[in-house]
Structure formats: structure tokens, C-alpha cells
Amino acid sequence: MMMRGLPATLPTLPLELTVLYNSLLFTMEASDSAMEGQEGICQGLLRVLEACGACGQDLSSEELWQKVLQEVTVAELQAPLHQLGALQAAWWLSTGHLGSVTGLLRLLSNAEDLGKAHWSKVENELLSLLKAWRVPAEGDSLPLVQSTRDLKEILCTSAAFLQGLQEFEAGNFPTARSLLQEAAGGFCTRKVLAQIYTCLGCCAQRMGKPQTALQHLKQALQVDFQCLPALSHVAAVYHELGETDVELQALALLYEALEEKPPAAASSSPYFLIRTELLVHTPVLDSLLRHRHPSEVKYLLAQRCLQHGRVADTVEHYLDFLALLQEGLQQQVALDVSSAVPRIPEVFLEAASALEQAERYQDAITVCEEVISRTTGLIPRVLLLEERLGQPECPPPQAGLAGGLLAQKKESLSCLAWRAAGYLHQGWMRGKLGEVKEAVTQFSRCLRELLQVQLYGPGVEPTENLLPEVEVLQKIRLLALIGRGTQFLELGNHKKALLDFQHGLQVSPGDPAAASYLVQALWNLDRKQEAAAQWQKLSQRLPKEDGQQEGQGRPVPLYLVSCLKQAVFPHSDDLARSIQNYLGSTTQDSSS
């Protein structure tokens, strides 16, 4: 690029620097050659100093620019130096060195106090300096591949966009919104403009302004209908608003768009080698513009339908998703950390819940059997675990090994929860089919599985101190005990039912379903006085607990929600009337 071997001379230097500028535009346009572009800029500056009889071999890039712009006053070199300055600013923007860009622009703008041209912390003057920067007129000797004025406009947009993303990541959403709005009014391609509107939508969403967020996201789709992350965020906003119908419509459109092969995108800006999309690439932008996998959207459709009781649609979406797995197409299922898709056994159990709601009990049992068979051999015969084991605030040197052991135990606990939940679902479904004895067997298998975990610890403490995996296991144990107890009631074995409900209350003291069924068992055993006393305690406690428990505790996994609903005591009014009549009659007897 430079005239190597020949001494630098002032008459030929403008042409030499212009040739360098054009060649560096092509070099920097290739992202893997950006470092080479930086080296080319430094070589050009050294040639300028050489022509002026100065030296700068041991200077950093910032120091080199400061020396050149302070000492070189030749009028013919001003335009070429500003051209290289624009490239340098582009390079520093792309690498996140905004403070260096600010310092360079102070020098290029002939700031009054050049001694204050430092390169450290960025101030909000960056955009002001870019706008105030007067680019010298370009000579006619050699045309430029991309004019400095056009590059300056791209720098303005990129700087506003980049700073807006930084403020967004820092949680300063009002400032981020102002900067992103500045970027939206700048010089950029339709693709970048859609990205900026998407970021504005996310910013408004974080600020608690969902309607404004929707406006920006719709603007993004109007500008570039292929900006599918915007459609994904539209669905998320409607989910927050609780507008399920519109959310499902957005997810369905997103799935159709992802399934279709998009048309080949034409060059967004064929005349500009340096564009905003080459200068702005940060992790936060990648996160906001993450493209969902079609399988992930299919799962979201299934999950939302299950949560809102849309039985027919739920079954269809889950079966479509499971088909991808059953056909050996695991590569079509997104399972990365940022994916909305949970572990595959959980998806199977959710699908079983959906089939159960559709009264396809045998199909649901088959799906659960798949989970049970796949987890065989993954669980140790005995799993010792401290009940409230956690990571210490100041881990010792052996913390790495201890953390690995804890992760293994948590994985074993997860496998155990899935396997036990499979038996739990089968128990409830056998009961629905009228197969009472088989239901008892499945509930008993569930409880036997849970005996593999032996917890040791300080005793009963608030549930928020439990490991999440342990809390799930306790919930499954409670539901299995209630489920088996209900089947014993069906068989007329009220004593065994009473024992299960008592054990359920030991697992979860005060649980209203277990307590209600306990009262029913006592009543059936003709222990009416005990039943009445327990019912009165339960009646006094329920209104208080309803207010206290609302919004507290960890949510149960989605695959257990249907079991929770089935465990609810269905005969509250009838039992209450019977007990009230009994209490009324005993009161009359005592008074007489």
C-alpha cells in the first residue's frame, strides 16, 4: 500500500495517502483483516512524520496521532489526514475504544486546548464532536471509493448506536433511548434501522412502556420484514400484557417465517465498504437480535397453550415437537443455554400432561414410560444430600471439586424427579381410567423412587432455604401420597388413606389438599369428632394462608401443574355441610 523503499516527500504524499485510504477501505471491510488495517494507518502516519523530518517509531497509535496533528500543518495534507482519521475512528469504534475516538476528534477539530486531548474515559461529547467535525474538501487528483463525508455520517450513526447499547446494558434506559433515537435518525441501511427500532422496543419494554415497545417493534418489521427478532420480542411483550391470543398469533407467524427459506438478501449498501453493521457488534446486540430456532418457537407455542388450557392446540404442538426428537432430528432442536426449551424429559412430561387433559390417557402413559425407561440407570441407588447444601460465600481451594460434586448430585436429583414424575402421572391417569389397584401401584413406585434420596441437615426450616431440586422432590412426594390416598379411599381402605394423608402433612405441613382429605378419611372412619376438630382448624387457617402464600415460593415445574390440579379436594362444600350439621346436632344434644 505504501511506496516502500522510496523516501517520503511532501509533493507525492497526498496521492500516496489517498491510495492508502482507498486500499484500507477494502482491507477493513474484511473483518478478519481489521488488525492489518490498523497497521496500515500507523504506517501512513509514520510516512507523514518522515516527510516532515520527524520520527514516531515507538509511539502508540494515540500518541502517533497527537504528534502528527499537532506538528504537521501542511495544507495539502489536511484532507488525506482527515481521511485516515475517519478510518481510525471507524477502527476504534468497532473495537469499543470510544475514548480514543473522542480524543482523536478533538485533535481533528482543532480544539482550543490540545493539551487536554486525553484518551481515557468517554464523555458524551463524542456525538457533538462528530457533528461539528468539518471534513476538508477532497482533491480531484484521485476519486475516493467512499467519501470521508459519507464515512463521517456512518460514524455518527454507529457512535450513537454503540453508546445506546452500552447504556442499555448498564440499565440506563432513558439515556439509551435518547441515543438509539439519535441513531435511528442517522445514515444507515434498512437492515440496521430495523435493528435500532428493535433495540428501542426492548428499551421501552424494560422501562415498563409496552405500547411504546410495540410501536417500535412494528416499525422494525415495517422497515425490514426479515427482522424476525422484532417479531419474537412482539410475542414477548404481548405475553407480559397477558394478551394470549395475540401472543400466539405472533409466535405462529414467527414459526412460519422461520420455516420458510428467506429470499437471498441483496447488498444492503453496495456503494459503501464501511457500514454501521461492520462497526457495531457487541454481545448485548447479539442477545437482543438472537434468532430463535423454529423448534424453540414450536415449543413456546406448546407451552403457552398448555398454560392457558388450549387442549387441542397444546397436543398438536407438543406432538410436532416430539416428532423432531423421535425421528432422530436432534440437530433441529435448539438446546443451548439461552434457549426457551427445557430439558427433554421435562418436555415429554409436559406432553403427557397435555395428552392427559385431552383424555388420551393411554398415549400419556406411553409418553411417561419413555421418560421412565430413558432415566433407568442414571440414578444412584442411594443419594446422600445435605438438605440445604449451598455454595459458600468464600469458597475454599477445593471449591472446584466440591462444585463439580454438587452439580453431579443436582443432575441425579433432576433425573430422579423426572422418573418419579413419570410414575406420578401414570398413577393419576390409571385412576382416571378406573384402574384403581394399578394406580396405587404406580403411586407406590413413585414413592419408592424417592426413597433413594437420603437427606440430612438441620431439620425443618422455611422452604425458600431448600435446594430447588429438593423442593420439587418434596412436591412430588406430597402429590404421590395424596394420589395414593385418594385411590385407597376409592377402595374403601380408609385407614391406609388416612396414613398417606398424615404422611403428606408431614412432608408439607398445612397443605390444604392433604388436610382436607385427612378430614374426609377421619369422617369415613366415623371419627367424626376428630374430623370436625381438624376441619375447624383448617377453616381458620385457609383464609390467612391464601393471603400469605400468594406470590410466595418458587413456581412448580409446568409438568406438575396438572397433578396439582388433580390433587385439589373436590368435595369441600359437601363435607363442610356434613360437619356443620354434625356440630349443630352435638351442640343441641349438649344444651338439652
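Conditions (1) of a type in the set (D, E, K, R); (2) crowded, with 16+ Cβ neighbours inside 10 Å; (3) at pLDDT below 90; (4) in contact with a Cys (Cβ under 7 Å, 6 or more places away or on another chain), marked per residue:
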site: 243; (1), (2), (3), (4): yes, no, no, no
site: 262; (1), (2), (3), (4): no, no, yes, no
site: 270; (1), (2), (3), (4): no, no, yes, no
site: 279; (1), (2), (3), (4): no, yes, no, no
site: 285; (1), (2), (3), (4): no, yes, no, no
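What are the residue pairs meeting all of these: first residue in segment 205-223, first residue within 20 Å of residue 185 (Cβ to Cβ) and at pLDDT 95 or above, second residue among the polar types (S, T, N, Q) and not in a loop (DSSP other than H, G, I, E, B), Cβ atoms under 8 Å, and 6 or more apart or on different chains? Qualifying pairs under 8 Å: 213/205; 216/198; 217/198; 220/195; 220/198.
Determine whether segment 211-229 contains at least one residue that is among the polar types (S, T, N, Q) and either closer than 16 Å to residue 161 by Cβ or open to solvent by less than 20 Å² (accessible area, probe 1.4 Å) (or both).
Let us first name the residues in segment 211-229 that are among the polar types (S, T, N, Q), namely 211-212, 215, 219, 222, 226.
After this cut, where a residue has to be either closer than 16 Å to residue 161 by Cβ or open to solvent by less than 20 Å² (accessible area, probe 1.4 Å) (or both) as well, the list is 219.
Yes, the conditions are met somewhere in segment 211-229.
Scoring residue 391 on the criteria (1) assigned to a loop (DSSP other than H, G, I, E, B); (2) polar (S, T, N, Q); (3) at pLDDT 95 or above leaves a single failure, condition (3).
Would you pick out the residues in segment 473-505 that are of a type in the set (S, T, N, Q), part of a helix (DSSP H, G or I) and either out of contact with any helix residue (DSSP H, G or I) (no Cβ under 9 Å at 6 or more places or on another chain) or over 28 Å from residue 411 (Cβ atoms) (or both)? Residues satisfying the conditions are 486, 487, 502. Considering only segment 300-315, state which residues are crowded, with 17+ Cβ neighbours inside 10 Å and either touching a strand residue (DSSP E or B) at 6+ places or on another chain (Cβ under 7 Å) or within 17 Å of residue 249 (Cβ to Cβ) (or both). Selection gives 300, 301, 302, 303, 304, 305, 310, 313, 314. Pairs meeting the criteria (first residue in segment 345-369 and closer than 21 Å to residue 412 by Cα and open to solvent by 10 Å² or more (accessible area, probe 1.4 Å), second residue not in a helix (DSSP H, G or I) and not polar (S, T, N, Q), beta carbons under 7 Å, at least 6 apart or on different chains) are 346/557.
Which of (1) exposed (fewer than 15 other Cβ atoms within 10 Å of the Cβ); (2) modelled with pLDDT under 90; (3) within 22 Å of the chain's Cα centre (by Cα) does residue 293 not meet, given it meets every other one? Status for residue 293: all satisfied but (1). Note on segment 421-449: residues that are open to solvent by 10 Å² or more (accessible area, probe 1.4 Å) and part of a helix (DSSP H, G or I) total 15. Residues in segment 53-80 that are free of Cβ contacts under 8 Å to residues at least 24 places away in the same chain and of a type in the set (A, V, I, L, M, F, W, C): how many? So the answer is 6. Screening segment 483-536 for residues that are closer than 22 Å to residue 425 by Cβ, out of contact with any Phe, Trp or Tyr (no Cβ under 9 Å at 6 or more places or on another chain) and aliphatic (A, V, I, L, M) and picking the one that is most open to solvent (accessible area, probe 1.4 Å) gives 491.
The C-beta contact set for segment 454-475 (first residue over 19 Å from residue 512 (Cα atoms) and of a type outside the set (Val, Ile, Thr), second residue at pLDDT 65 or above and in a helix (DSSP H, G or I), distance under 8 angstrom, 6+ apart or interchain) comprises 455/470; 466/474; 467/410; 467/413; 469/410; 469/413; 469/414; 469/417.
Residue-wise test of (1) of a type in the set (Gly, Ala, Ser); (2) open to solvent by less than 20 Å² (accessible area, probe 1.4 Å).
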position: 149; (1), (2): no, no
position: 155; (1), (2): no, yes
position: 162; (1), (2): no, yes
position: 175; (1), (2): no, no
position: 183; (1), (2): yes, yes
position: 186; (1), (2): yes, no
position: 198; (1), (2): no, yes
position: 206; (1), (2): no, no
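The values are calculated or read from the model by the stated rules, or taken from the named source; none is laboratory data. Please read these numbers as outputs of a predicted model, since none were measured by experiment. Positions of Cβ are backbone-derived with ideal geometry, glycine not excepted, and every protein chain shown enters the neighbour counts. Ligands, DNA and RNA are excluded from the accessible area calculation, which covers all protein heavy atoms including side chains. Shrake-Rupley method; radii C 1.70, N 1.55, O 1.52, S 1.80 Å.
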